[in-house]
Amino acid sequence: MKTALIIGSTGLIGGHLTQKLINHPAYSKVKALVRKPLSFQHPKLEQIIVDFDHLDTSLVVADDIFCCLGTTMKQAGSKEAFYKVDFVYPFEIAKAALKNGARQYFIVTAMGANANSMFYYNRVKGEVERSLTDLHFPTLVVFQPSLLLGERKESRAGEGMASVIMKGLDFLIPAKYKAIKGETVANAMITIAQRGHKGKKIVTSAEMQSFASITPITL
């Protein structure tokens, strides 16, 4: 029985993943690092209220770490704030987790992540992938989804319009570019986490589409 730790549990992917983790028999405890309490409780769920800018690294203890943190430039308000959420927090938590004995680190970045990209969003995603690789986790799995589908707590008008267009043209779009449900990404993360992969692996959006339907696990 393992312990999982998740950051980004209030987001689209993280919300689905948290529910799946607490219902998965491989995990006896699920820790969620959150800024404020979640809207639900569960016997296996330990909610840890933290200030990510002043994180007590002794709290970052688990076997498997799942990072679903992510924001947009509009939400963040500045490049500096965006960089904190999409690079600094995931990287600092990874360093602390590795030091504290974690064996597996799973992170959601984005299709097109590239440290040399001319686009700031893709460049930061690529930079965090590169820096995490340099930590040499026993297992590092990077999930690179395309446009995400699903109900978010916050509105993202641009994504909403794009998702409508992509749904309508789905039959014309190559698999790697098709929009993908947040729950499908969560399915891929929790399933691959049980496979004992060693070293670094990148999971493309096209690969994740095959996890659209998995048998639900309940206690």
Farthest positive-ward along the chain dipole, Cα basis, beta-carbon charges - from T57, H136, A115: H136
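Loop only by DSSP, 11 or fewer other Cβ within 10 Å of the Cβ. Give me the trypsin sites (Lys or Arg not before Pro) in the range 21-107 that pass, ordered by residue number.
R35
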Using a Gaussian network model of the chain with C-alpha springs under 10 Å, which one of T72, T184, T204 is most mobile by mean-square fluctuation? T72
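Keeping all protein chains in place, calculate the accessible area per residue for the chain (probe 1.4 angstrom), answer in Å². Mind showing how you got there, number by number?
Details: 11030 Å² over 219 residues.
That works out to 50 Å² for each residue.
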Which of the chymotrypsin sites (Phe, Trp or Tyr not before Pro) across the range 41-119 are loop residues per DSSP, with 16 or fewer other Cβ within 10 Å? F119
Placing one identical point scatterer on every Cα of the range 85-155 and ignoring solvent, what is log10 I(q)/I(0) from the Debye formula at q = 0.14, 0.24, 0.27 Å⁻¹? -0.47, -1.07, -1.21
Compute the relative contact order of the chain as a whole-number percentage, counting only Cα pairs closer than 8 Å that sit 6 or more residues apart in sequence. 20 percent
What is the percent of Cα-Cα separations in the chain that go past 30 Å? 17 percent
At 25 °C and 0.890 mPa s, grab the translational diffusion coefficient of the range 32-158 from Stokes-Einstein with a Kirkwood Rh over Cα pairs, rounded to a whole number in µm² per second. 157 µm²/s
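Taking a threshold of 24 Å on the Cα-Cα distance, which of the pairs K2/K84; K95/K181; K125/K181 fall above it? Present the calculation step by step, with values, prior to reporting the outcome.
On the way: K2/K84 29 Å; K95/K181 29 Å; K125/K181 20 Å.
Over 24 Å Cα-Cα: K2/K84; K95/K181.
At a threshold of 8 angstrom on Cα-Cα distance, excluding pairs fewer than six apart, so keeping six or more, what relative contact order does the range 1-47 reach in percent? Let's see the in-between values first.
Values: 68 pairs, mean separation 19.1, N = 47.
Rounded, it is 41 percent for the range 1-47.
Using a 1.4 Å probe over the heavy atoms of the protein chains, calculate the carbon and sulfur portion of the accessible area of the range 1-49 as a whole percent. Intermediate results must be reported in sequence, preceding the final value.
Numbers: 1150 of 2200 Å².
Roughly 52 percent, rounded to a whole number.
The values are calculated or read from the model by the stated rules, or taken from the named source; none is laboratory data. Computed from a predicted model, the values in this text were never measured in an experiment. Don't worry about glycine lacking a Cβ; one is built from the backbone with ideal geometry, like all the others, and counts go over all protein chains shown. With ligands, DNA and RNA removed, areas are computed over all heavy atoms of the protein, side chains included. Shrake-Rupley method; radii C 1.70, N 1.55, O 1.52, S 1.80 Å.
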